[in-house]
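Everything on this sheet refers to the single structure shown next.
The values are calculated or read from the model by the stated rules, or taken from the named source; none is laboratory data. All figures in this text were calculated on a predicted structure; none of them were measured in a lab. All Cβ positions, even for glycine, are placed from backbone atoms using ideal geometry, and neighbour counts span all protein chains on display. To get the accessible areas, we keep the full protein, side chains included, count just its heavy atoms, and leave off ligands, DNA and RNA. Shrake-Rupley method; radii C 1.70, N 1.55, O 1.52, S 1.80 Å.
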Amino acid sequence: MRHRGYAYLTIARPDHWIKHIFILPGILIAERLDPAASLNITPILVGTLSACFLASANYVINEFLDAESDRFHPIKKHRIAVVQPLSARYVYLEYAGLIGVGLALASFVNVYFLGTAAVFVFMAVLYNVKPVRLKDHFLVDVLSESLNNPLRLLFGWFMVTSVTVPPSSVLLAYWFGGAFL
């Protein structure tokens, strides 16, 4: 039998951190469009780690709050939060800790990265938490969840520059591309 702490690690879904590959285009586009962009490895690594912790916070709250409805889903019914009772206290502590570490790391990149990180957290709350819970609204769920794509692009952009912002056309294309997928 696995250690109880394994369940709390599992709901953070570190195996999903690969989704942050969508940060890379932000880095590459900024490097091409902004002469002030710098491919300094430190903010790229710290920023990526920040994004991973913030995404894990989202996964933690998502899995915990959806456990009851996931019981009836053919695939999600096997998630840890469904098959194993979790302490709400520990889940909320994990959630707050992941956000705290993620935002603290974001503050080391730059203020624009930190702002993007705060929006990322805010959107996750709107998506998962009642009374708003965007995921329960037809089409709004797709548009709000796919907003993570331009946020990831902004993460990448602000890892290498804080002098400019990406063109709105690039952000919209990234957002709608995510909605399409």
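May I ask you to verify whether LEU105 is over 21 Å from LYS135 (Cα atoms), at pLDDT 95 or above and either of a type outside the set (S, T, N, Q) or surrounded by 16 or more Cβ atoms within 10 Å (Cβ to Cβ) (or both)? Break it down stepwise before answering.
Values: over 21 Å from LYS135 (Cα atoms): yes; at pLDDT 95 or above: yes; either of a type outside the set (S, T, N, Q) or surrounded by 16 or more Cβ atoms within 10 Å (Cβ to Cβ) (or both): yes.
Criteria met by LEU105.
Answer yes if at least one residue in region 54-64 is open to solvent by 50 Å² or more (accessible area, probe 1.4 Å), closer than 29 Å to VAL109 by Cα, in a helix (DSSP H, G or I) and hydrophobic (A, V, I, L, M, F, W, C), and no otherwise.
No, region 54-64 contains no residue that is open to solvent by 50 Å² or more (accessible area, probe 1.4 Å), closer than 29 Å to VAL109 by Cα, in a helix (DSSP H, G or I) and hydrophobic (A, V, I, L, M, F, W, C).
Can you report the number of residues in region 127-181 which are under 21 Å from ASP66 (Cβ atoms) and outside any helix (DSSP H, G or I)?
Looking only at that region, the number is 10.
Give region 135-162 a look and list any residue that's of a type in the set (S, T, N, Q) and touching a helix residue (DSSP H, G or I) at 6+ places or on another chain (Cβ under 6 Å), or say none. Let's see the steps before the verdict.
Keep residues of region 135-162 that are of a type in the set (S, T, N, Q), which gives 144, 146, 148-149, 161-162.
The answer is SER144, SER146, ASN149, THR161, SER162.
Do you know which residues across region 164-178 are under 8 Å from PRO150 (Cβ atoms) and surrounded by 13 or more Cβ atoms within 10 Å (Cβ to Cβ)?
Taking region 164-178 and keeping what is under 8 Å from PRO150 (Cβ atoms), we get 171-172, 174-175, 178.
Of everything in region 164-178, those that are under 8 Å from PRO150 (Cβ atoms) and surrounded by 13 or more Cβ atoms within 10 Å (Cβ to Cβ) turn out to be LEU171, TYR174, TRP175, GLY178.
Do we find that SER69 is of a type in the set (Ser, Thr, Tyr) and surrounded by fewer than 13 Cβ atoms within 10 Å (Cβ to Cβ) in this structure? If you could, list the steps in order and put the result at the bottom.
Details: of a type in the set (Ser, Thr, Tyr): yes; surrounded by fewer than 13 Cβ atoms within 10 Å (Cβ to Cβ): yes.
Against the criterion (of a type in the set (Ser, Thr, Tyr) and surrounded by fewer than 13 Cβ atoms within 10 Å (Cβ to Cβ)), SER69 qualifies.
With the requirement that a residue be hydroxyl-bearing (Ser, Thr, Tyr), farther than 17 Å from VAL129 by Cβ and either in a helix (DSSP H, G or I) or under 19 Å from the mean Cα position of the chain (by Cα) (or both), what does region 80-99 give you?
Result: TYR90, single match.
Scan region 112-123 and give yes if some residue there is in a helix (DSSP H, G or I), of a type in the set (Phe, Trp, Tyr) and over 25 Å from THR42 (Cα atoms), otherwise no.
Of region 112-123, the ones in a helix (DSSP H, G or I) are 112-123.
Cutting the leftovers down to of a type in the set (Phe, Trp, Tyr) gives us 112-113, 120, 122.
Right, trim to over 25 Å from THR42 (Cα atoms) and you get 122.
Yes, region 112-123 contains at least one residue that is in a helix (DSSP H, G or I), of a type in the set (Phe, Trp, Tyr) and over 25 Å from THR42 (Cα atoms).
Just give me the residues in region 1-38 being free of Cβ contacts under 8 Å to residues at least 24 places away in the same chain and surrounded by 13 or more Cβ atoms within 10 Å (Cβ to Cβ), in sequence order.
LEU9
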